[in-house]
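Q: Right, I'll just put the structure down here and ask away after.
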Amino acid sequence: MSGIQEILLVVLLVLALLVVPRVLKRGGGAAPKPPRRRHGPSGRLRLALLLSVLWPLTVGLLRNPFSGNPRAFVYLGIAPVLLAWALAWVAAGFRRPERKK
């Protein structure tokens, strides 16, 4: 019987740890702030993501990388996507204002 009592004691302690802080919560004077509205990705980002998936798929269908030359698929399918994202990353760094120290 001591096994059941120990399990019930552990459950009671866990519930106490979860419930007691909410009951004793202080600072209820200020009204809660409304949640900030989160915006989804922009149309340009959605287009870039779609093209990042469709371009290698299209090149893969046309070049047949598993039966022919896989290097051509890497150079024509994957490399342009990586290069475009790298250029976008560098351009975003130039657009961001520098922090003042």
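Conditions tested, residue by residue: (1) modelled with pLDDT under 85; (2) in a helix (DSSP H, G or I); (3) surrounded by 10 or more Cβ atoms within 10 Å (Cβ to Cβ).
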residue: Pro21; (1), (2), (3): yes, yes, no
residue: Arg46; (1), (2), (3): no, yes, yes
residue: Leu50; (1), (2), (3): no, yes, yes
residue: Trp55; (1), (2), (3): no, yes, yes
residue: Val59; (1), (2), (3): no, yes, yes
residue: Gly68; (1), (2), (3): yes, no, yes
residue: Gly77; (1), (2), (3): no, yes, yes
residue: Leu87; (1), (2), (3): no, yes, yes
residue: Gly93; (1), (2), (3): no, yes, no
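Q: If Gly3 passes every condition in (1) more than 32 Å from the chain's Cα centre (by Cα); (2) modelled with pLDDT of 80 or more but one, which one does it miss?
A: Looking at each condition in turn, Gly3 falls short on (2).
The values are calculated or read from the model by the stated rules, or taken from the named source; none is laboratory data. Computed from a predicted model, the values in this text were never measured in an experiment. Positions of Cβ are backbone-derived with ideal geometry, glycine not excepted, and every protein chain shown enters the neighbour counts.
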